[in-house]
1. Is there a quick way to get the dipole size of the chain? I mean about its Cα centre, with the Cβ of Lys and Arg at +1 and of Asp and Glu at -1; what is the value in debye to the nearest 20?
2. What is the fewest-to-most order of LEU77, LEU10 by other Cβ atoms lying within 10 Å of their Cβ?
3. Return the percentage of antiparallel bridges among DSSP beta bridges fully within region 108-172, rounded to the nearest 5 %.
4. How large is ³J(HN,Hα) for each residue in region 161-172, as worked out from phi by the Karplus curve 6.51 cos²θ - 1.76 cosθ + 1.60 (θ = phi - 60°), to whole Hz, x for Gly and Pro?
5. Looking at the chain, which longest stretch skips every one of the trypsin sites (Lys or Arg not before Pro) that is in a DSSP loop with at most 13 other Cβ atoms within 10 Å, leaving the sites themselves out?
6. Between the helical axis of 73-101 and the dominant principal axis of the chain, each derived from Cα atoms, what acute angle in degrees is found, rounded to the nearest 10?
7. Just rank ASP32, ASP176, ASP120, fewest to most, by other beta-carbon atoms within 10 angstrom.
8. With the radius of gyration and the Kirkwood radius both derived from the Cα set of region 108-172, what is their ratio Rg to Rh?
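Derivation of every value follows stated rules applied to the coordinates shown; laboratory data play no part. Just so it is clear, the structure is predicted and the values come from calculations on it, not from any experiment. Cβ: placed from backbone, ideal geometry, glycine included. Neighbour counts: every protein chain shown.
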Amino acid sequence: MELHWVHPELLSEVERDSAERRVRELAAGHTDLIDVRILARATSHHRHGAQEIRITCQARGQEIVAARTQPDVGLALNEAVDAFEREVWRMRHRHEQARKERPAPPPELGVIDEVRREADHGFIITERGERVYFHRNAVHGGLDFETLREGQPVGLDIEAGEKGPQATVVVAAPPDAPGP
């Protein structure tokens, strides 16, 4: 992570060091914060003599901005860093939730044994040697029912069907899956 100051002379060295330490601690052990820019400036926009701190961060996939205005630049800096920390934690929480929501890969591996295109179904032989039925509607993840071929490795989810085991999801086998 790179950290840049714009107009650092408006802040004391102690204030800059404290803010920089907090931002670096927030980035430690993570690769999501790429470039952080802390701008200090006097502004008369809100109140006469107010001081503004604006923290802008390029993070993986988004930009984070935290800004605070106070009569005292040190107070504005502390509040802006607090807000920045909250935004980074929110971003990380959203990313973590998105990772948790991803479907788990199918637990079974197998190979296509037979495809009956005219009947919209086929059969897969699992690693355990079990013959499993699948319907064309179970084929997902970039696979096309019309182009499935015998011996093609696949991943699948299995549940009990009316006439025996049935694949509810059939996807391409992971790249590191053993071949047939």
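1. Its charge dipole is roughly 420 debye.
2. LEU10, LEU77
3. Restricted to region 108-172, the bridges split so that about 90 percent are antiparallel.
4. x, 4, 10, x, x, 9, 7, 8, 9, 10, 10, 4
5. Counting only loop sites that pass the neighbour cut-off, the longest clear stretch is 61-127.
6. 0 degrees
7. Fewest to most other Cβ atoms nearby, the residues stand as ASP176, ASP120, ASP32.
8. My calculation puts Rg/Rh at 0.91.
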